[in-house]
Amino acid sequence: MNILNKFKIGLGKSSKNLSIGLNNLIFKKKINDKTLEQLEDFLIESDVGVEVAAELREKFSNTKVESKSEIFKILTDYIIEILKPLEKNLNNLNKHKPSVILVAGVNGVGKTTTIGKLGKILGKGNQKVVFGAADTFRAGAVSQLEVWAKKINAQIIKSDEGADPASVAYKALEYARKKKLDYLMIDTAGRLQNKKNLMDEFKKIINVLRKIDVNAPHETFLILDATTGQSAINQVEEFKKISPITGIIMTKLDGAAKGGILLAVSKKFKIPIVALGMGEKEDDLQIFSARHFANAIMTN
């Protein structure tokens, strides 16, 4: 199966939601101000965000669209225009050895699973990957990461449940440097219920990493769950207070009709997009392509 088809399958629910909604609005109707107002409302309800919906309505007005195909083309081109500059080039991640990637996200977004899947991608071409199991407070997080390490032939540094996450991160970076590994991916806790504790924990992890490498972490990736819709915006805002975010991975797109939230997040924060999670299988994490995303979500 080619990559575009994987995007189409993974984004099937979002695409169907947009297509049916647009068809209901436009089919056999004259496209006038009232139609465009309804279209703007529909786009907002599809989680693309108020700013994106308003810009699209303006584009429709200025080009005097007269058919459904024209609206689909304008939408497709607009999505590519917004998202193309945010494609994250993973080839640039290996400038450091090891390249330290701190992975953040609230509990339940699929963080540990995504680390495993991304680790498999980064481990291609004989690149060596080690996981730092620093989410020591969530029951089962360490054992879940162990399963992924075995599955993709990665190494793992862990400690007992409840151990200090910063000490795990420190040991993992020491190990990665000693063994001359290529990537260190550090799993972290995601409890936003107590923001101060989470913030203090993150700062401590970053501080101990910098005792070994002043530039660490080299990347901080935030995992977002597409099914949460607009709350993804709040999650980005909270985690940005803790650490600069260098990449976003959006998961569970196959289970949501809310793929438009990626546009809202991208328009507001302009953070590079690393990959999209579009299924439960090991290979269902796809490196982000703006063109594939736009063409898949606007299939009609």
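The values are calculated or read from the model by the stated rules, or taken from the named source; none is laboratory data. Here the structure is a predicted model, which means the values were calculated and not measured. With ideal geometry, Cβ positions are generated from the backbone for all residues, glycine too; neighbour counts draw on all protein chains shown.
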* Structure fact -> By residue number, the members of region 149-168 that are closer than 27 Å to ARG210 by Cα and either under 23 Å from the mean Cα position of the chain (by Cα) or of a type outside the set (D, E, K, R) (or both) are ALA149, ALA154, GLN155, ILE156, ILE157, SER159, GLY162, ALA163, PRO165, ALA166, SER167, VAL168
* So, of the residues in region 63-80 that are over 21 Å from the mean Cα position of the chain (by Cα) and surrounded by 17 or more Cβ atoms within 10 Å (Cβ to Cβ), which turns out to be modelled with the lowest pLDDT? -> VAL65
* Answer from ASN23, ASN62 - the residue that is without any contact (Cβ under 8 Å) to a residue 12 or more places away in the chain and either touching an Asp or Glu at 6+ places or on another chain (Cβ under 7 Å) or not acidic (Asp, Glu) (or both) -> ASN62
* To do: Kindly indicate which of LYS180, LYS124, LYS120 is within 23 Å of GLN286 (Cβ to Cβ) and in contact (Cβ under 8 Å) with a residue 40 or more places away in the chain.
  => LYS120
* Across region 81-95, which residue is nearest to GLU219 (Cα to Cα) among those that are crowded, with 16+ Cβ neighbours inside 10 Å and over 15 Å from the mean Cα position of the chain (by Cα)? -> LEU93
* Single condition PHE60 does not satisfy, out of (1) modelled with pLDDT of 85 or more; (2) part of a helix (DSSP H, G or I); (3) surrounded by 16 or more Cβ atoms within 10 Å (Cβ to Cβ); (4) not aliphatic (A, V, I, L, M) -> (1)
* Asked: If we scan region 220-240, do we find a residue that is in contact with a Pro (Cβ under 7 Å, 6 or more places away or on another chain), over 16 Å from LEU11 (Cβ atoms) and crowded, with 21+ Cβ neighbours inside 10 Å?
  -> yes
* Among the numbered conditions (1) crowded, with 24+ Cβ neighbours inside 10 Å; (2) among the β-branched types (Val, Ile, Thr); (3) part of a strand (DSSP E or B), tell me where ILE156 comes up short. => (1)
* Structure fact -> Per the filter on region 128-143, residues buried (at least 19 other Cβ atoms within 10 Å of the Cβ) and among the polar types (S, T, N, Q) are THR136
* Lone unmet requirement of (1) touching a residue at least 12 places away in the same chain (Cβ under 8 Å); (2) at positive phi for GLY132 -> (2)
* Which listed residue is closer than 23 Å to ASN215 by Cβ and of a type in the set (Gly, Ala, Ser), from GLY140, GLY125, GLY132, GLY108 -> GLY132
* region 204-216, subset outside any helix (DSSP H, G or I) and touching a Lys or Arg at 6+ places or on another chain (Cβ under 9 Å), residue farthest from ALA104 (Cα to Cα) -> ASP213
* Single unsatisfied condition, ILE101 versus (1) over 18 Å from ALA264 (Cβ atoms); (2) of a type outside the set (Phe, Trp, Tyr); (3) part of a helix (DSSP H, G or I) -> (3)
* **Flag for THR113 being within 22 Å of ILE152 (Cα to Cα), polar (S, T, N, Q) and crowded, with 16+ Cβ neighbours inside 10 Å** => yes
